[in-house]
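Colleague: Starting off with a structure, shown below.
The values are calculated or read from the model by the stated rules, or taken from the named source; none is laboratory data. Quick caveat, the model's predicted, so the values are computed rather than measured. As a convention, Cβ positions derive from the backbone with ideal geometry for all residues, glycine included, and neighbour counts pool all protein chains shown.
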Amino acid sequence: MNNHENGASGEFILTGISGSPGICIGKAYLVDREGVDVIEKYFVGQHEIKSEINRFKNAVKKARTELSSIIDGVPEELRDNTYILETHLLLHKDKMLYDKTIEIIKKDHVNAEWALKKATSRAVRMFKQITDPYLGARAADIEHVSDRIMRLLAGIEEVNISGIDKRVILVATHLTPAETSQIQLNRIMGFITDHGGKASHTSIVARSLEIPAVLGLETATSVIKNDNFIIVDGNQGIVIVNPSEETLLDYTELRRRYAIRRADIIRSGELPAESADGIVFRVMGNIELPEEIVGVRDNGGDGIGLFRTEFLYIARNDFPSEEELYEQYRETVELMAPHPVTIRTLDINGDKEIPSLPTPHEDNPALGLRAIRFCLKKPEIFTTQLRAILRAASHGTVRLLLPMISGCEEISESIRLIDSAAESLEKDGLPYNRDIQIGIMIEVPSAAILADAMAEMVDFFSIGTNDLVQYTLAIDRGNPHVAHLYNAMHPAVIRLIRHIVDCARAKDKPTYICGEMAADPINLPVILGLGIEELSMAPQSIPEIKNMIRRISVADTSRLMVDVLKKNTVSEIHELIKNRFGDMLYSEIYAR
Ligand code: PEP
Ligand code: MG
């Protein structure tokens, strides 16, 4: 990443990724973690294999005991995050790690450390091939688990974060979620790391602790010394080392303003998102796992607008049973009651392959056998999920959402399978609810064009702008070389959304939005002006968007749209938004 050095004052800036917002100023405390990375390979004789395997098994046992006692010692305010550590406990016995290491010791006649290293990098490689950032970040979970076992095998001391007795900012190559969970809020002000990204669990824990964190700095541990004075700006993802007096004064003021503003916004999170002219919008949360509901509730979310169910399939080597899925969905629905939970059916392949069913090679996976196409080709897998959803629907308000619809036949075929899932539940005498809303994600231009026909077949539309922008503009959403062209404010996207909303309205159906577009305040005047009735986003963005909605008049956004729809370029559209809403939007955005 970029390092800007200012030799005269000694101040320099490191640029990384914002892991958790906020600003903290203080002394650096370096967390030393050498050792685990330097593992040597040696061969073990046939007669030593059994004892080498036992050495590995014992290390795993000790690692699990250590982790269990960390879980037991997690303070009350962090209990919501222990699910991450519980997952790590399970990973210790994961086939990819545990069985594979033993197999390598036996087959290659090598030491346990080397075998574990080999098994880990193989598993990590598999996860890293997944381009979805959330799932790709699970590679880090495997690494954390492997590190703990490795440390025990090699007899390396663990970093004892709970033992730090000064008020400091942690500087580490990486921090595991277990270590992050031991952070004492009265001592650790924030942390920065060389590795890691926004979707890592370490960031998730930092965000729920509400301490600033900047990750992916690459060189922090080599250029920062113990006791160096540093400023961590988690909002911008930068770290200022040895700040000048002027920078320090500026940041002290920024930190004060940020704290006041954040407190105001969170306090108002429970208030409804009612626009300045009295129109109430629902602002919902996007989740991948039931555990994330707490975040949605704490941030004042009005329900779950998108439950990406594929995670329950991806983080394992086999398919979940109907019973397992039912339990997960039921828990989600009950925890969120009386608010609705929108369960999206399996959206795998494309960028999210599942290990239990590797797909044959596809030259263009984004255009391949993904989401609803996969489910209709594998009706037995689809039906298991549909039965679980219909059963969970008897415990609260469930909406069912079908992803990547590109033609009307896919809708009628899906509804036929939903009906037959209901019939089979009836025959089995299991409680279920077929009387639920069924919607489709509009992510493919053909669905947008056919929105009038599709609106007759379903109860609601939810626009997945992440994919709709990708397919409309022909820009791979994960390709950094074309990222500068990827823009939801493209006039073609805006006109397409207008068409979708008009078609839905003509049939008296609502249109929602659940892509990343909804979480960026700059887009809000256009989203409201287009007639979207409900927005769904990452839980942390909910209070800010609700706060913005309260300051905007929908009548003004409708007037804005008359002119936006006449513009042909992104920059002209941005200019219009800035002229009409600039004062309010930009003062809020820059106050972040
Ligand atoms: C989208 O495409 O906008 C969406 C919400 O779905 P996902 O990001 O899971 O593809
Ligand atoms: Mg999508």
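Colleague: From the list Arg391, Arg399, Arg387, which one is crowded, with 21+ Cβ neighbours inside 10 Å, of a type outside the set (A, V, I, L, M, F, W, C) and not in a helix (DSSP H, G or I)?
Modeller: Details: Arg391 fails: not in a helix (DSSP H, G or I); Arg387 fails: not in a helix (DSSP H, G or I).
None of the others qualify; the one that does is Arg399.
Colleague: Among the helices (runs of 4 or more DSSP H) contained in the range 433-540, which hold 3 or more residues that are in the same structural domain as Glu292 (by TED's automatic domain parsing) and touching a Cys at 6+ places or on another chain (Cβ under 6 Å)? Lay out the reasoning, then the answer.
Modeller: Values: elements: 445-449, 451-457, 465-473, 491-506, 524-529.
In the range 433-540, 451-457 are the helices (runs of 4 or more DSSP H) which contain 3 or more residues that are in the same structural domain as Glu292 (by TED's automatic domain parsing) and touching a Cys at 6+ places or on another chain (Cβ under 6 Å).
Colleague: Further, regarding this structure: Name every residue in the range 518-544 that is closer than 23 Å to Lys566 by Cα, within 15 Å of ligand 1 (Cβ to nearest atom) and at pLDDT 90 or above, in order of residue number.
Modeller: Within the range 518-544, Ala518, Asn523, Ile527, Ile532 qualify.
A quick yes/no check of all residues on (1) among the hydroxyl-bearing types (Ser, Thr, Tyr); (2) within 16 Å of ligand 2 (Cβ to nearest atom):
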position: Ile348; (1), (2): no, yes
position: Ala392; (1), (2): no, no
position: Ser424; (1), (2): yes, no
position: Gly429; (1), (2): no, no
position: Glu443; (1), (2): no, yes
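Colleague: Scan the range 496-517 for residues that are surrounded by fewer than 19 Cβ atoms within 10 Å (Cβ to Cβ) and closer than 18 Å to Met561 by Cα and report the count.
Modeller: Number of matching residues: 4.
Colleague: Related question: Please name all residue pairs, on different chains or six or more residues apart, with Cβ atoms under 9 Å, provided the first residue is in the range 403-422 and is assigned by TED's automatic domain parsing to the domain that holds Asp435 and part of a helix (DSSP H, G or I) and the second residue is away from ligand 2 (no atom under 16 Å from the Cβ) and small (Gly, Ala, Ser).
Modeller: If the second residue must be away from ligand 2 (no atom under 16 Å from the Cβ) and small (Gly, Ala, Ser), the pairs left are Cys408/Ala453.
Colleague: Residues that are away from ligand 1 (no atom under 15 Å from the Cβ), surrounded by fewer than 18 Cβ atoms within 10 Å (Cβ to Cβ) and modelled with pLDDT under 90: does the range 335-343 have at least one? Don't jump to the end; show me each part of the working.
Modeller: Initially, the range 335-343 is screened for residues away from ligand 1 (no atom under 15 Å from the Cβ), giving 335-341.
Okay, now just the ones that are also surrounded by fewer than 18 Cβ atoms within 10 Å (Cβ to Cβ), so 335, 337-338.
Retained after the next criterion (residues that are modelled with pLDDT under 90): none.
No, that holds for no residue.
Colleague: What residue, of Pro360, Pro431, Pro355, is closer than 22 Å to Pro290 by Cα, more than 16 Å from ligand 1 (Cβ to nearest atom) and modelled with pLDDT under 95? Give the derivation first.
Modeller: Details: Pro360 fails: closer than 22 Å to Pro290 by Cα; Pro431 fails: modelled with pLDDT under 95.
Of Pro360, Pro431, Pro355, the one residue that is closer than 22 Å to Pro290 by Cα, more than 16 Å from ligand 1 (Cβ to nearest atom) and modelled with pLDDT under 95 is Pro355.
Colleague: Another question, if that's okay. In the range 269-296, what residues are more than 24 Å from the chain's Cα centre (by Cα) and assigned to a helix (DSSP H, G or I)? Break it down stepwise before answering.
Modeller: Initial filter on the range 269-296 (more than 24 Å from the chain's Cα centre (by Cα)): 271-272, 274-280.
Passing the criteria: none in range.
Residue-wise test of (1) within 25 Å of Ala393 (Cβ to Cβ); (2) touching a residue at least 60 places away in the same chain (Cβ under 8 Å).
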position: Met336; (1), (2): yes, yes
position: Asp347; (1), (2): yes, no
position: Leu357; (1), (2): no, no
position: Asn364; (1), (2): no, no
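Colleague: Quick one: which residue in Ile475, Ile436, Ile440, Ile463 is closer than 19 Å to Phe307 by Cα and free of Cβ contacts under 8 Å to residues at least 40 places away in the same chain?
Modeller: Details: Ile475 fails: closer than 19 Å to Phe307 by Cα; Ile436 fails: free of Cβ contacts under 8 Å to residues at least 40 places away in the same chain; Ile463 fails: free of Cβ contacts under 8 Å to residues at least 40 places away in the same chain.
Checking each option against the conditions leaves just Ile440.
Colleague: Would you call Ile372 part of a strand (DSSP E or B) and either without any contact (Cβ under 8 Å) to a residue 40 or more places away in the chain or within 16 Å of ligand 1 (Cβ to nearest atom) (or both)?
Modeller: Values: part of a strand (DSSP E or B): no; either without any contact (Cβ under 8 Å) to a residue 40 or more places away in the chain or within 16 Å of ligand 1 (Cβ to nearest atom) (or both): yes.
Considered against the rule, which asks whether it is part of a strand (DSSP E or B) and either without any contact (Cβ under 8 Å) to a residue 40 or more places away in the chain or within 16 Å of ligand 1 (Cβ to nearest atom) (or both), Ile372 comes out as no.
Colleague: Within the range 451-473, how many residues are within 15 Å of ligand 1 (Cβ to nearest atom) and touching a helix residue (DSSP H, G or I) at 6+ places or on another chain (Cβ under 9 Å)? Lay out the reasoning, then the answer.
Modeller: Taking the range 451-473 and keeping what is within 15 Å of ligand 1 (Cβ to nearest atom), we get 460-473.
Imposing the further condition that a residue be touching a helix residue (DSSP H, G or I) at 6+ places or on another chain (Cβ under 9 Å) reduces the set to 460-461, 463, 465-473.
The qualifying residues number 12.
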